[in-house]
Amino acid sequence: MSARPLLRNEIMALYEQLLGRTPADAEVDAQLEAAPDLQMLLRVIVDSPEYALRLATPREQSPPPPPARVNIHHADLAEWAHPVGAESEDGVATVGRDGYLFLTGGTNANVAQFTGRWTAPDGWLDAWATGVAKRFADLERLGARGVLLVVPDKLSILPELLHEPLEVVGPSPVRRLQDETDLPVLHPVHELLATTAEPCMRTDSHLTFEGNRALASLLADPLEAPALRDAWSGTPRAYLAAGDLGRRFAPPVVEVMRHTDPLGNARMSFDNAAEVMGVGGHIGLRQVLVNDHAPDPRTIVVFGDSYAFSGPGYQGLVFFLAQVFAEVHFVWIPFGWDPEYVRRAGAQLVVFQGAERFAGRVPRPRVDARALAEETLARKRALGIETAFGA
């Protein structure tokens, strides 16, 4: 069997490990065109003058290792854990109380949004109101029902566990959408807290298994799907892992997470996750799950993000929907909308889902879901978040 050509992320990893730098896009594109396998690219790099120079150049003395830390929350060991208020080296995550890590940095300004210090772009509110109103008009013409779901951020659900109180000086974007428009925004902070004792993971920015189960149950009324109140009665299995925030610390902060079979009672009839993620992407990822014994015969399309996605280690909203509906389509584009895709799927239900931190951006009026994936795979490069938001 011949060796397979390397993917973009694999080529970049070899450059970073062997040459100590991130390759330029043009370098990666040239390698992709040559379609090297692992042995070929290793030979090219190791035989290069750049690699020889790197070996001959004295290395800077490595910094001392970080102090030993307990890397899992336990009240009796808190003295030896990462201290409350400590930031990850990249400034993205902050240690809160009771072992909870919070997303406090990055490009989406979630702290500024939560405290009301965020400044709305010109026309932001009107663009949201007009765009969503057009979507619901499209849904009516298609004979479908829709829900606009904003999944609450951990800052909104558990603000008292942040390392220090935040001074709120004004409304957040999602609060403005609720208070200043007629949009049917579902932002179930209090409902999640009332439904489950631990809605949020400690070391991750996402919800727990029980939090996602609760989130799905809250869609029972707006989707007129009573079976969602008990979509999954199985017992999830425990495993130890570091979440997307815990991995930013040294040592990584871990917790006991829970998961189950990634499909449950459903089966996958289409899935391009491996191809899209293989080039470092998410936008355009698409899955179709079919349940041959579903209690609800309808088809539902979810335009969403990582909170909806379901995979081997994390069962998001889509997993629970797939236990109830005959067919579930998931398109990874936050708050996305493709009426032609809904028409082709014959869907009676649509969920426009996005993380709360994306509410400060205006979703594009519509996208071409299939073209997004085709463009990603043709370019062998991830599409940026601007694909989902903007004019």
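The values are calculated or read from the model by the stated rules, or taken from the named source; none is laboratory data. Remember, predicted model here, so these are calculated numbers, not experimental data. Here Cβ is always computed from backbone atoms with ideal geometry, including for glycine, and neighbour counts include all displayed protein chains.
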Within the bounds of segment 297-313, is there any residue that is crowded, with 21+ Cβ neighbours inside 10 Å and more than 23 Å from residue 136 (Cβ to Cβ)? yes
Of the residues in segment 318-341, those that are touching a Leu at 6+ places or on another chain (Cβ under 6 Å) and closer than 19 Å to residue 224 by Cβ come to 322, 324, 328
Do we have residue 198 as in the same structural domain as residue 155 (by TED's automatic domain parsing), farther than 21 Å from residue 93 by Cβ and among the acidic types (Asp, Glu) here?
no
Subset of segment 128-141, residues of a type in the set (A, V, I, L, M) and surrounded by fewer than 16 Cβ atoms within 10 Å (Cβ to Cβ), comes to 129, 133, 137
In the set 107, 94, the lone residue that is under 21 Å from the mean Cα position of the chain (by Cα) and under 17 Å from residue 247 (Cα atoms) is 94
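Results for (1) over 14 Å from the mean Cα position of the chain (by Cα); (2) of a type in the set (Lys, Arg); (3) modelled with pLDDT of 95 or more; (4) at negative phi, shown as yes or no for each residue.
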{"site": "279", "(1), (2), (3), (4)": "yes, no, no, yes"}
{"site": "329", "(1), (2), (3), (4)": "yes, no, yes, yes"}
{"site": "333", "(1), (2), (3), (4)": "no, no, yes, yes"}
{"site": "386", "(1), (2), (3), (4)": "yes, no, no, yes"}
Out of (1) in a loop (DSSP other than H, G, I, E, B); (2) under 29 Å from residue 136 (Cα atoms); (3) in contact (Cβ under 8 Å) with a residue 24 or more places away in the chain, the one residue 150 does not meet is (1)
Take the conditions within 16 Å of the chain's Cα centre (by Cα), surrounded by fewer than 20 Cβ atoms within 10 Å (Cβ to Cβ) and assigned by TED's automatic domain parsing to the domain that holds residue 283 and apply them to residue 382. Does it pass? yes
Here the qualifying pairs (Cβ atoms under 6 Å; residues six or more apart or on different chains; first in segment 205-222 and free of Cβ contacts under 8 Å to residues at least 12 places away in the same chain; second part of a helix (DSSP H, G or I)) come out as 220/226; 220/228; 220/229
Residue pairs qualifying under the 6 Å Cβ cut-off, at least six apart or on distinct chains, with the first in segment 322-345 being crowded, with 24+ Cβ neighbours inside 10 Å and the second being assigned to a loop (DSSP other than H, G, I, E, B) and aromatic (Phe, Trp, Tyr), are 323/232
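Okay, residues lined up against (1) modelled with pLDDT under 85; (2) at negative phi; (3) under 28 Å from the mean Cα position of the chain (by Cα); (4) not hydrophobic (A, V, I, L, M, F, W, C):
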residue: 7; (1), (2), (3), (4): no, yes, yes, no
residue: 10; (1), (2), (3), (4): no, yes, yes, yes
residue: 23; (1), (2), (3), (4): no, yes, yes, yes
residue: 27; (1), (2), (3), (4): no, yes, no, yes
residue: 47; (1), (2), (3), (4): no, yes, no, yes
residue: 60; (1), (2), (3), (4): yes, yes, no, yes
Those strands (runs of 3 or more DSSP E) completely within segment 183-284 that have 1 or more residues that are among the β-branched types (Val, Ile, Thr) are 254-259
**Q.** residue 70 being within 30 Å of the chain's Cα centre (by Cα), among the hydrophobic types (A, V, I, L, M, F, W, C), more than 28 Å from residue 378 (Cβ to Cβ) and not assigned by TED's automatic domain parsing to the domain that holds residue 381
**A.** yes
